[in-house]
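A.B. asks: Handing you this structure, nothing more for now.
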Amino acid sequence: MKYISNTTDFYIEEPTVMSLGKFDGIHRGHELLMEHLAKKKDEGLAAVIFTFNIPPKQTVNGTEAKVLTTNEEKMHIFEQIGVDYLVECPFTREIMCMEPEAFIEKMVKSLHVKCFVVGEDFHFGHNRRGDYKMLQAYAKEYEYEVLVIEKMKEDARDISSTFVREEVAKGNIEKANHLLGYRYFVSGAILHGNHIGGSKLGIPTINQIPPEEKLLPPYGVYVTEVFVGENRYRGITNVGCKPTIEGKNPVGVETHLLDFAEDIYGKVVTVEFLTRVREERKFSSIEKLKEQMQNDIAFGRNYFRTYDGSL
């Protein structure tokens, strides 16, 4: 997959089929978009995803928006899906104020779009004035096709990034995973921590510090699966600030891998969340924390006895 970023002067020479949007957490609501993209790719068009390097809502409203997937995680997912080009456009003042008619012309001339695949609620251009009907109105002039995809629903509401974020924020991991169509995950390099897990507790852990923009589930303990390259391991993960440990600890994702004792510091690993065990809490002593961690590990082992890998 070719990755185009940090420029508004993008260009693709070959004819393309393109879908546009924030794509925060490529969820089940995006499945039909991706399927139609794949069909057009089979017909000879290069598959393009056009998105922005930060959520547009953050720039427009001046608020910080937590994301389901970081730009790096999103890039990995699109590559696995089979996207040929990921265009990650800076959300500059020029782009923000571009009229939708000018935006269409730029897409067609710069990216050689022969087919747009969009959802019913798709909007673009200044003040979100453009929609799929406008795309259709210019289709003949610019010689492209427009495929409009209906929204997929769950519990009588549209499956959306907002829906998924709500479930993750409540700690409803199973529900969030069902809406995503895959397990919610955190990906990142393993960092050196304070080594308390191994030296004082006898329960070694791997530590990750996710980017600030990454949405994390509520502080607490979770059953997880951890991928190191192609290898998969089972784990128990704490999300939070380790309140029992003295000092100011950053928000982190700390995982004990069951039946694993290798050194993987510096490696990029993916932690997938399966279910919540309990909330994070402060214990009266390290010994009490160790006792609870052993109970958490026992919970995890019992969970995996009946775990079949399904969502």
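A.B. asks: Using alpha-carbon pairs under 8 Å, 6+ residues apart, how would you state the relative contact order of the chain in percent?
C.D. replies: Values: 571 pairs, mean separation 51.5, N = 311.
For the chain, the relative contact order is 17 percent.
A.B. asks: With a 1.4 Å probe and all protein chains in place, put Arg128, Arg276 in order of accessible area, largest first. Write out the running numbers ahead of the final one.
C.D. replies: Working: Arg128 145, Arg276 80 Å².
Of Arg128, Arg276, the descending order of accessible area is Arg128, Arg276.
A.B. asks: Let me ask something additional. I want the local charge near Glu79. Using Cβ-Cβ distances under 12 Å, sum +1 for each Lys or Arg and -1 for each Asp or Glu among the other residues.
C.D. replies: Once positives and negatives cancel, what remains is -1.
A.B. asks: Could you tell me which label, among (1) 72, 39, 37; (2) 61, 61, 34; (3) 61, 53, 30, carries the value of Cα extents along the principal axes in Å calculated for this structure?
C.D. replies: (1)
A.B. asks: Further question: Does region 259-306 come out rounded, prolate or oblate, given a ≥ b ≥ c as the square roots of the eigenvalues of its C-alpha gyration tensor, rounded meaning a/c under 1.5 and, failing that, prolate meaning a/b above b/c? The partial results should precede the final answer.
C.D. replies: On the way: a/c = 1.78, a/b = 1.28, b/c = 1.39.
It is oblate, given that a/c is not under 1.5 and a/b is not larger than b/c.
A.B. asks: Ok, one more. Considering only DSSP beta bridges where both residues belong to the chain, give the percentage that are antiparallel (nearest 5).
C.D. replies: Numbers: 37 of 60 bridges.
Within the chain, antiparallel bridges account for around 60 percent of the total.
A.B. asks: Using the per-residue mean of other Cβ atoms lying within 10 Å as a proxy for protection, in what order, highest first, do the peptides 290-303, 172-185, 145-158, 221-234 fall?
C.D. replies: 172-185, 221-234, 290-303, 145-158
A.B. asks: Roughly how many debye, to the nearest 20, is the charge dipole of the chain about its Cα centre, given +1 on each Lys and Arg Cβ, -1 on each Asp and Glu Cβ, and no other charges?
C.D. replies: Details: 39 positive and 47 negative charges, 199 e Å.
With Lys and Arg at +1 and Asp and Glu at -1, about 960 debye.
A.B. asks: Report Ile206's accessible area, 1.4 Å probe, all protein chains in place, as a number in Å² to the nearest 10.
C.D. replies: 20 Å²
A.B. asks: Here is a further query. Just list whichever of Lys153/Lys242; Lys66/Lys290; Lys40/Lys153; Lys2/Lys39 have alpha carbons separated by over 30 Å in the model shown.
C.D. replies: Lys153/Lys242; Lys66/Lys290, as the Cα separations exceed 30 Å there.
A.B. asks: Follow-up. Treating cross-link reach as a plain straight distance, find the lysines whose alpha-carbon is under 22 Å from the alpha-carbon of Lys267, omitting any fewer than eight places away in the same chain.
C.D. replies: Straight-distance partners of Lys267: Lys74, Lys214.
A.B. asks: Let me ask something additional. I'd like the antiparallel share, as a percent to the nearest 5, of DSSP beta bridges with both residues in region 10-137.
C.D. replies: Bridges in region 10-137 are about 15 percent antiparallel.
A.B. asks: May I pose another question? With all protein chains present, calculate the accessible area of Lys267 using a 1.4 Å probe and round the result to the nearest 10 Å².
C.D. replies: 100 Å²
A.B. asks: Lys/Arg Cβ at +1, Asp/Glu Cβ at -1, dipole of the chain taken about the Cα centre: which of Thr162, Ile4, Met134 is farthest positive-ward?
C.D. replies: Result: Thr162.
A.B. asks: Okay, moving on. Which of rounded, prolate, oblate describes region 1-134, given a ≥ b ≥ c as roots of the alpha-carbon gyration tensor eigenvalues and a/c under 1.5 marking rounded, otherwise prolate only if a/b is larger than b/c?
C.D. replies: It is rounded, given that a/c, with a ≥ b ≥ c, falls under 1.5.
A.B. asks: Related question: Taking square-rooted eigenvalues a ≥ b ≥ c of the alpha carbon gyration tensor, is region 61-125 rounded, prolate or oblate, where a/c under 1.5 means rounded and, failing that, a/b exceeding b/c means prolate? List each step's numbers first, then the result.
C.D. replies: Numbers: a/c = 1.84, a/b = 1.13, b/c = 1.63.
The shape class here is oblate.
A.B. asks: Right, something else. Accessible surface of Thr205 in the full protein assembly, 1.4 angstrom probe, to the nearest 10 Å²?
C.D. replies: Result for Thr205: roughly 20 Å² accessible.
A.B. asks: Using packing as a proxy for protection, rank 89-98, 67-76 so that the peptide with the highest average count of other Cβ atoms within 10 Å comes first.
C.D. replies: 67-76, 89-98
The values are calculated or read from the model by the stated rules, or taken from the named source; none is laboratory data. As the structure is a computational prediction, the values presented were derived from the model and not from experiment. Neighbour counts are summed over all protein chains in view; Cβ atoms, including those assigned to glycine, are modelled from backbone coordinates with ideal geometry. Accessible surface is based on the protein model in full, side chains and every heavy atom, while ligands, DNA and RNA are left aside. Shrake-Rupley method; radii C 1.70, N 1.55, O 1.52, S 1.80 Å.
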